[in-house]
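The structure under discussion appears below in the form of structure tokens.
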Amino acid sequence: MNTPTKEEEPPQPPHSSPRRSVIISPIKVIQNLRQRRKRRSLSAPPKLRKPMTIADHFRVVNNEGGRKLVVPGMPKYEDDWARDSHDFFNLIVLLPIIVLNLMNWNWEILLNLSKKQHLEDAWTDEWFDLFFWSTLSYFIADLMWIIIIPNSVKSPGVIIKHHIFSMIYLLIPYYRPERRWCMGACMSVELNTWFLIARRVFNKQGFPPWTVNLSFVSFRLKFISICFYVTWFSLRVILYPFLMVQFTNIWLETSTKNGGTYINIDLPPPIFHFIFVVLNLKWTVDLISSKLRYLRRRRKGGSKAVEYEKGL
């Protein structure tokens, strides 16, 4: 005989305690934003993830067939507070570093080196302390800037790695005074970096520097472009490979003094510098290739644009 069962009451929801407001630190907010941005970038198509380097320095257009063409002039830049403020920061901060570097060299000796003299003989070391700490402060400030505002540059990850590596690299001349001239020689490339940034900042309209005729503006654009190309080839193409040979000889001399031990403190400079030399040569080849394609197109009587595959 079935006994009637008591109707079961529906389960009662657990007593919910009032929510407490959680205070999130600003650092946590920045980390969350960076994670979301990273997820969005990974979900984008491959072509959108890796913008072409040439578009950063030359004007690129699409022709009727959908192919990319390089045309005379500079790319046009829209107003971007993050990028513009970072560019002006570099233009201002790099100037005293460049000047301090120049002040550490004896230019009378540097411009008249004899066969018995070496590049280090022209290094005076009079302003090294101020030069070193200014350079280190710049790398730290720029590193923090990019970490906090990563959209101020197009490749934040690459620049962050570069700055960390550079700060570690600076320890060698700091603890070895006889190698301080190496820091001055390597940091001379910042002069080209300054003109590279100025080329973008002072020509947002994308005027062709060799065809525009705007009085002072035209002179300014031509001057910056000339200085950019002169410093590019003299520093990145000529000086840096020369320093590669010098750093290798220093490493071999140190190895000989240490009884043939090739693992010593002078080993990292030629290895790291070799990476810079390869990158500079690659960018130079891309730069020349884009120019040659443009000249070939003009000789054939085609349009002012030239098709390209890659370049700077």
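Quick rundown of the values:
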{"quantity": "Enumeration of residues in region 134-163 that are out of contact with any helix residue (DSSP H, G or I) (no Cβ under 7 Å at 6 or more places or on another chain) and under 22 Å from PHE272 (Cα atoms)", "calculated": "SER137, ILE140, SER155, GLY157, VAL158, LYS161, HIS162"}
{"quantity": "Residue that is outside any helix (DSSP H, G or I) and either at pLDDT 95 or above or hydroxyl-bearing (Ser, Thr, Tyr) (or both), where the choices are SER114, SER137", "calculated": "SER114"}
{"quantity": "Subset of region 217-252 (residues that are under 21 Å from the mean Cα position of the chain (by Cα) and aromatic (Phe, Trp, Tyr))", "calculated": "PHE228, TYR229, TRP232, PHE233, TYR240"}
{"quantity": "Of residues in region 192-216 being among the aromatic types (Phe, Trp, Tyr) and in a helix (DSSP H, G or I), the one modelled with the lowest pLDDT", "calculated": "PHE216"}
{"quantity": "ILE146 being within 28 Å of ARG199 (Cβ to Cβ) and either modelled with pLDDT under 90 or part of a helix (DSSP H, G or I) (or both)", "calculated": "yes"}
{"quantity": "Members of region 267-300 found to be crowded, with 16+ Cβ neighbours inside 10 Å, over 24 Å from the mean Cα position of the chain (by Cα) and closer than 26 Å to SER234 by Cβ, listed by number", "calculated": "ARG293, TYR294"}
{"quantity": "Residue among ILE172, ILE159 that is under 25 Å from PHE247 (Cβ atoms), assigned to a helix (DSSP H, G or I), over 18 Å from the mean Cα position of the chain (by Cα) and among the aliphatic types (A, V, I, L, M)", "calculated": "ILE172"}
{"quantity": "Residue in region 255-266 that is farthest from LEU119 (Cα to Cα), counting only those that are at pLDDT below 90 and surrounded by 13 or more Cβ atoms within 10 Å (Cβ to Cβ)", "calculated": "ASN258"}
{"quantity": "Whichever residue in region 84-142 is small (Gly, Ala, Ser) and more than 20 Å from ILE160 (Cβ to Cβ) and, among such residues, is surrounded by the fewest Cβ atoms within 10 Å (Cβ to Cβ)", "calculated": "SER114"}
{"quantity": "Selected residue (only one of PHE233, PHE219 is in a helix (DSSP H, G or I), modelled with pLDDT of 90 or more, of a type in the set (Phe, Trp, Tyr) and over 18 Å from ILE97 (Cβ atoms))", "calculated": "PHE233"}
{"quantity": "Residue in region 280-295 that is in contact with a Ser or Thr (Cβ under 9 Å, 6 or more places away or on another chain) and either at pLDDT below 85 or not in a helix (DSSP H, G or I) (or both) present", "calculated": "yes"}
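The values are calculated or read from the model by the stated rules, or taken from the named source; none is laboratory data. Nothing here was measured: the structure is a model prediction, and the numbers come from that model. We place every Cβ from the backbone using ideal geometry, glycine too, and count neighbours over all the protein chains shown.
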